[in-house]
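Working notes for the structure below.
Read-outs: derived from the displayed coordinates by stated rules, not from any lab. Since this is a predicted model, take the numbers as computed values, not measurements. Cβ: placed from backbone, ideal geometry, glycine included. Neighbour counts: every protein chain shown.
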Amino acid sequence: MSKSAFIFPGQGSQYPGMGKQLVDSFPVARQVFEEADDALSLKLSAICFAGSEEDLKLTANTQPAILTTSIAILRVVEQETGLKADYLAGHSLGEYSALVCSGSLAFADAVRTVRSRGTFMQEAVPVGTGAMAAMLSIEADVLEDICREAAQGQVVAPANFNSPGQVVIAGHGAAVNRAIEIAKGRGFRKAMLLPVSAPFHCALMQPAADRLAAVLDGIAFSDMRLPVVANANATANDDKQRVRPLLVTQVCAPVLWEQSIAAMVAAGVSSFVEIGPGKVLSGLVKRISKEVSIFNIEDPAGISAAGGRS
């Protein structure tokens, strides 16, 4: 019996105007954006539909904007198609969308939490101190060796295992730059800095993890209808008691995306549906497994196509 998974994108998938076509076509999508505006006492909908790229790039806006757009799409998928999932997962921020989908985390709580999470992550490291870089076509053990050599008393470590041959590192700017130079010196030419505002998923994020833990302590998690494969350990979790510690760990731990997809494939998942803005995860899944099907849903055309698949 083949299984399916819904996967939800993280930071970097945002674009101006996202969600607008859905809201114009489906009242249930509009309700999600209205709930987010109320929860934040902020016109998040205006930032998504009419805001500038610069507004959307601010981490405190990006995180609730992507979450809200993803859940608006999910609600339309649930209403208009017969698609069902056996597993859920999300990339970094997307794990919160997956938890909302699982029924464990109330949407309003999720929106408020990820706005705080974005602020905490931005404030954890002074602007200009940290950096992230994509390191392509380097084996994980070789990359870890490069990071050890580059550290020189600073932080630099793998932050995202995205797909075979695509790992992102994060840490102090000087150490990340040293890692790029060492990689190039060893013949790995495809290493480049990423345009991000902070060094996510590394030890420098500890202040953000501590502040997030305090916020999550005030949230009641419900029983999970579906298991969520957690970024921090690439293992399916259906125990609501484990959600909070996994989300805290996730802030400083690398995102084990390649391992998470591989774990779902090993569990029998043959169909992945990316629910949210953009097609970033669809591209990664195609590189991780050639055997599975993957399609993304982000607009009315995607909903129509999905209706034909279910």
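Points worth noting:
- Look at the dipole of segment 51-147 built from charges on Cβ: of 124, 101, 147, the Cα furthest out on the positive end belongs to 101.
- Dipole of the chain, positive direction: furthest Cα of 2, 22, 219, with charges on the beta-carbon: 2
- Residue exposure sequence - 182, 146 - by fewest surrounding Cβ within 10 Å: 182, 146
- Fully extended contour minus Cα-Cα distance, from residue 282 to residue 52, at 0.36 nm per residue: 80.3 nm
- Paramagnetic label zone (point 7 Å from Cα along Cα-to-C-beta, residue 136; backbone N under 11 Å) in segment 182-204: 189-192
- Note on the chain: the C-alpha convex hull projects to 15.0 nm² when averaged across all orientations.
- Distance between modelled label sites at residue 154 and residue 129, nm, 7 Å Cα→Cβ extension: 1.2 nm
- Part-to-part distance (alpha-carbon centres) for segment 245-310 and segment 4-22, which is given in Å: 12 Å
- The DSSP beta bridges internal to the chain are antiparallel in roughly 50% of cases.
- Reach of residue 84 by Cα under 14 Å, taken over aspartates and glutamates that are not fewer than 8 positions away in the same chain: 274
- Across the chain, the mean sequence separation of Cα contacts (distance under 8 Å, 6 or more residues apart), normalised by length, yields a relative contact order of 25 percent.
- Sites residue 206 and residue 79 - FRET efficiency at Förster radius 35 Å, r taken between beta-carbons, to 0.05: 0.30
- 24 Å Cα-Cα threshold exceeded, pairs from 240/286; 43/240; 3/190; 190/279; 3/290; 184/286: 240/286; 43/240; 3/190; 184/286
- FRET E, pair residue 108, residue 270, Förster distance 45 Å, beta-carbon r, rounded to 0.05: 0.85
- Note that segment 130-196, at 25 °C in a medium of 0.890 mPa s, gets a Stokes-Einstein diffusion coefficient of 220 µm²/s from its Kirkwood radius over C-alpha pairs.
- A Cβ-based charge dipole, computed about the Cα centre of the chain with Lys and Arg at +1 and Asp and Glu at -1, lands at about 460 debye.
- If you take the Cα centroid of segment 82-138 and the Cα centroid of segment 147-175, the two points sit 20 Å apart.
- Net charge dipole, segment 130-196: roughly 240 debye, given to the nearest 20, about the Cα centre with Cβ charges of +1 for Lys and Arg and -1 for Asp and Glu.
- Listed by Cβ neighbour count within 10 Å, with the fewest neighbours leading, 59, 69 appear as 59, 69.
- Packing around the peptides 295-301, 164-170, taken as the average count of other Cβ atoms within 10 Å per residue, puts them in this order, highest first: 164-170, 295-301.
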